[in-house]
Amino acid sequence: MNSYKKYIIQIILLLLLFSILSIFVFIYSAKYIPDDIVVRNSYEYLKIKTAFTNLNKKNKIIILSGSNAFYGFRANVFEEITGLPTINMAVQGGLGVSYMLYYIKPYLKKGDILILPLEYNVLLSNEMLNFLSVQTAYAFGLGYFMSLPLFEKIKYLRVFKKEYFLESVKRSFIRNRPYIDHNYAKCVNSHGDFVCNQSTNQTRQELKEVLQITKDVDDLFSASPTLPPYDSLNSLAKFFPWAKENNITIIGTYPNSIKTLIKDKGQLKKIKTWYEQHHQIFIGEVSESLYSVDNMYDTSYHLNDKTAELRTITFAHRFCNETKFCKK
């Protein structure tokens, strides 16, 4: 009987030791990102943008969304028209609303304006945690993980890709392993806009072939006059009181997309209604956000450089006409 108890104690001690070792490796390996192009794109661009010194300014405008605004918004043009310091903090829609709000929150100051041209598949989503948001967040440390409630922490660990974690562990212990140099900085200007989306880079036929595989978003809307209770919408709604308390203005608008992304354009007006029901400003019309193949760069959400500038000019003038924020 004594030997049995001793055996049980040994097993418990081994499990405890293994748990402590696992936790140590999990903490130690954070901030070491695997050399995966999808994860690295999000991480590297976000790292560039969070280093901008003008993020510390007050009374600024921040653009936050996925890549539709990264490619299709020109913060430098918007700033010139409005007279307001503007930073494009859009990166990748796959990061999700929850993580986007998490990474932007420390940079929001009293008097700031947060403009949200969130993609439809991002705003209308229940996938708050996915491999991209988890791996990107982990590359910046454990802050996001620690901010999550217990149930969300469990989900975080469940979507954590084993092969990516092992790569992070290897890089944390073998630190001279080089990354492939994609020279990310060359495609981001000082305002955070993506500037490598020249309209001549893609032929019309190439664009058509890419856009043919795009899924439409009609299924994201219900037959009811209101939007379904998506997790992303709930996360955003919970953010509104904090913004109001800290004197931060939220402005919703439609994301840039190709015209064929949705068949029933009337469904999109439910998004404007949702913002207004939550006492937030919404600027823009559906027709101003939808474009043809010739206006796109490489996906159904990415405008080419010329169209991005025109889109920004249109939105900036509407912004000045419909609000009292512009200084010019």
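Read-outs: derived from the displayed coordinates by stated rules, not from any lab. Bear in mind that the values here come from a model prediction, so they are computed numbers and not experimental data. Glycine gets a Cβ as well: all are built from the backbone with ideal geometry, and neighbour counts include every protein chain shown.
The C-alpha atoms of the chain define a longest principal axis, and helix 150-159 lies at about 90 degrees to it.
Could you check which residue among VAL169, VAL25, VAL97 shows the biggest mean-square fluctuation in a GNM of the chain with a 10 Å Cα cutoff? With Cα springs under 10 Å in the chain, the top fluctuation among VAL169, VAL25, VAL97 is at VAL25.
The stretch 115-186 and the stretch 282-328 have Cα centres lying 30 Å from one another. Between the stretch 49-85 and the stretch 7-40, the C-alpha centres lie 38 angstrom from each other. Residues considered: PHE26, PHE315, PHE151. Largest GNM mean-square fluctuation over the chain, using C-alpha springs under 10 Å, is found at PHE151.
Scanning residues 5 or more positions from VAL188 or on other chains, those with amide H under 5 Å from its amide H are VAL195, with H placed 1.01 Å from N in the peptide plane.
Given +1 at the Cβ of Lys and Arg, -1 at the Cβ of Asp and Glu and no other charges, the dipole of the stretch 42-153 around its Cα centre is 420 debye to the nearest 20. In plain terms, the C-alpha convex hull of the stretch 1-148 casts an average shadow of 12.1 nm² when viewed from every direction. Summarising the amide proton neighbourhood of GLU119: residues at separation of 5 or more, or on other chains, whose placed amide H is nearer than 5 Å comprise GLY66. Summing charges over all other residues whose Cβ lies under 13 Å from the Cβ of LEU142, with Lys and Arg as +1 and Asp and Glu as -1, gives +2. Counting only residues at least eight positions apart within a chain, or on another chain, the lysines with an alpha carbon under 18 Å from that of LYS162 are LYS31, LYS153, LYS170. The packing ranking, built from the mean of other Cβ atoms within 10 Å per residue, places the peptides 141-149, 303-311, 16-24, 219-227 in the order 303-311, 141-149, 219-227, 16-24, highest first. How would you classify the stretch 45-85 from its alpha-carbon gyration tensor, with a ≥ b ≥ c the square roots of the eigenvalues: rounded for a/c under 1.5, else prolate if a/b is greater than b/c, otherwise oblate? In terms of gyration-tensor shape, oblate.
For the chain, adding -39500 (n - 2.57) for each run of n ≥ 4 DSSP H residues and dividing by the number of residues yields -14000 deg cm²/dmol at 222 nm. Listed by chain and number, the lysines placed with their C-alpha closer than 23 angstrom to that of LYS265 are LYS208, LYS215; residues fewer than eight positions away on the same chain are left out. When Rg and Dmax are taken over the Cα atoms of the stretch 233-273, they come to 13.7, 39 Å.
Of the candidates LYS49, LYS105, LYS186, which one comes out as most mobile in a Gaussian network treatment of the chain with C-alpha springs shorter than 10 Å? In this elastic network of the chain, the residue with the biggest mean-square fluctuation among LYS49, LYS105, LYS186 is LYS186.
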